[in-house]
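The values are calculated or read from the model by the stated rules, or taken from the named source; none is laboratory data. Remember, predicted model here, so these are calculated numbers, not experimental data. Ideal geometry is used to build each Cβ from the backbone, glycine not excepted, and the neighbour counts take in all protein chains shown.
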Amino acid sequence: MGWRNPALLILGIGVSYLGNWIYLIALNVYIIDLTGSAAAVAGLYIIRPLAMLMTNLWSGSVIDRVNKRRLMIFIDIVRGLLVVCLPFLHSLWLIYFLLLLINLAGSFFGPSSQVYITKLIPESERKRVNSLIGMAGNGAIMIGPAIAGVLMTTVSLAVCFYINAATFIICAFFIFLLPNVDEQNNHVRERIRLKTLIEDWRTIIRFSKGAKYFISVYLLFQTTMLICVALDSQEVTFLTRDLGLSNEAYGYIVAMTGIGAIFGGLCSSLLAKKLSLKLYIGAGMLLTSIGYIVFYASSHYLTATIAFVILGFFFTFANAGYVTFFQKQVPVDIMGRFASVADLLQGIVQIGLTLLLGLLAEWFTLQEVSVVFAVISGIVSIALVATIYRPSKASYFEDKAVSS
């Protein structure tokens, strides 16, 4: 496989990730400057789940029936044009409405890109490409906030939004340069009716019933990951309140975690033809869980930093392995529908877990509750490893990327 297409894909997605982080930091500052209200900033984080609730039950039906490349280009152009309008709005509710439109469009992009990548990248190269995409995302987490900070202090907040809009257009241009993998859909224009949606949901249910092993691996992996993401919501409070660290020290830990994740992405890409898919998923997620246990059991800054670097490094392996497994097991013709519904259900569970963790932290100490949650994630990841390494299921993990 030539590297022109993967390079264009990774560059496009990487640029988009970078713009998103510049935009996110600037948006938080813009809202707090406009309103002076922490509640108004918190409202930003309700908009994306709200957009998912409004679209994800039917967006997959659209995604699986249209040309994915054209849809992704259209979404990026729309998001770019909408983001340009943000600096001109000074009403909180108008800003929320515009952000809702941006997130409604964005809810189509993730599942569309998942299907497109599966069709574009040969199975033997998916693990490596998924690792590099993960590394691009982690690099954006490192670089984006720093760029936003410089721009806000030296130029203006508005420039951050303009740059984000530009990254959407650049991403659209890179996707435009990629091949069309949906030629057969060019002239298909099936109308989406309620009857169509009901049949699509039945299709997902039938697939899930017929793919019980995949669903068991999927549920175990996602349960572990969702617990870990819920734990992420308490990391600032734990570090600043329980360990007594300054905001600067917290920033240092986040930076070290990003470096660990970038290094992990590079290693997982380089080792794609040496290590098995089982090892990526099982060992990656187990070691990530152990990283969370050590982090929340820490009583010292150094231990917490080492733990975060460990979990940042190994989660890139776990995520690249899981995405590759997902692409291998879910039929590409229903992947958009399955991914959209799955994202919706995961979002609902994520909200519930995050609220539960916060509530229990009010009744007990944050460290105690977080350690218990981290241990539960470790137990679930052990069950994941046991499920993955069942000898009778070896065919599910046949890995064309691994050299014989």
statement: Taking region 223-241 and keeping only residues that are at pLDDT 80 or above and among the hydroxyl-bearing types (Ser, Thr, Tyr), one is left with THR223, THR224
message: Out of everything in region 132-158 that is farther than 28 Å from ALA7 by Cβ and assigned to a helix (DSSP H, G or I), what residue ends up being modelled with the highest pLDDT?
response: ALA158
task: Search region 347-401 for residues being within 30 Å of TRP58 (Cα to Cα) and surrounded by fewer than 17 Cβ atoms within 10 Å (Cβ to Cβ), and hand back the single one that is farthest from the chain's Cα centre (by Cα).
output: LEU356
message: Being at negative phi, touching a Cys at 6+ places or on another chain (Cβ under 8 Å), part of a helix (DSSP H, G or I) and not β-branched (Val, Ile, Thr): is that true of SER16 here?
response: yes
task: Evaluate region 317-326: report whether one residue or more is more than 16 Å from TYR218 (Cβ to Cβ), surrounded by 21 or more Cβ atoms within 10 Å (Cβ to Cβ) and not aliphatic (A, V, I, L, M).
output: yes
- request: With the condition kept exactly as written, say whether any residue in region 275-292 is assigned by TED's automatic domain parsing to the domain that holds PHE238, outside any helix (DSSP H, G or I), small (Gly, Ala, Ser) and out of contact with any Cys (no Cβ under 8 Å at 6 or more places or on another chain).
  value: yes
field: Residues of region 32-51 satisfying the condition of being at pLDDT 80 or above, more than 20 Å from SER233 (Cα to Cα) and not charged (D, E, K, R)
entry: LEU34, THR35, ALA51
query: Does ASP64 satisfy the criteria of being surrounded by 16 or more Cβ atoms within 10 Å (Cβ to Cβ), touching a Cys at 6+ places or on another chain (Cβ under 8 Å) and either hydrophobic (A, V, I, L, M, F, W, C) or under 22 Å from GLY336 (Cβ atoms) (or both)?
result: no
- prompt: For region 299-324, which residues satisfy the criterion of being touching a helix residue (DSSP H, G or I) at 6+ places or on another chain (Cβ under 6 Å) and either within 18 Å of PHE214 (Cβ to Cβ) or of a type in the set (Val, Ile, Thr) (or both)?
  reply: THR305, VAL309, ILE310, THR316, ALA318, ASN319, ALA320, GLY321, TYR322, VAL323, THR324
- prompt: What residue, of SER269, SER340, is in the same structural domain as ALA211 (by TED's automatic domain parsing), of a type in the set (S, T, N, Q) and surrounded by fewer than 23 Cβ atoms within 10 Å (Cβ to Cβ)?
  reply: SER269
field: Test result for ILE351, touching a Lys or Arg at 6+ places or on another chain (Cβ under 7 Å), in contact (Cβ under 8 Å) with a residue 40 or more places away in the chain and closer than 20 Å to ILE227 by Cα
entry: no
message: Looking at region 362-374, can you tell me whether even one residue there is aromatic (Phe, Trp, Tyr) and touching a residue at least 60 places away in the same chain (Cβ under 8 Å)?
response: yes
Condition broken by ALA297, with the remaining ones in (1) buried (at least 24 other Cβ atoms within 10 Å of the Cβ); (2) more than 26 Å from SER269 (Cα to Cα) satisfied: (1)
query: When you look at ILE262, is it touching a residue at least 40 places away in the same chain (Cβ under 8 Å), hydrophobic (A, V, I, L, M, F, W, C), touching a helix residue (DSSP H, G or I) at 6+ places or on another chain (Cβ under 6 Å) and surrounded by fewer than 24 Cβ atoms within 10 Å (Cβ to Cβ), yes or no?
result: yes
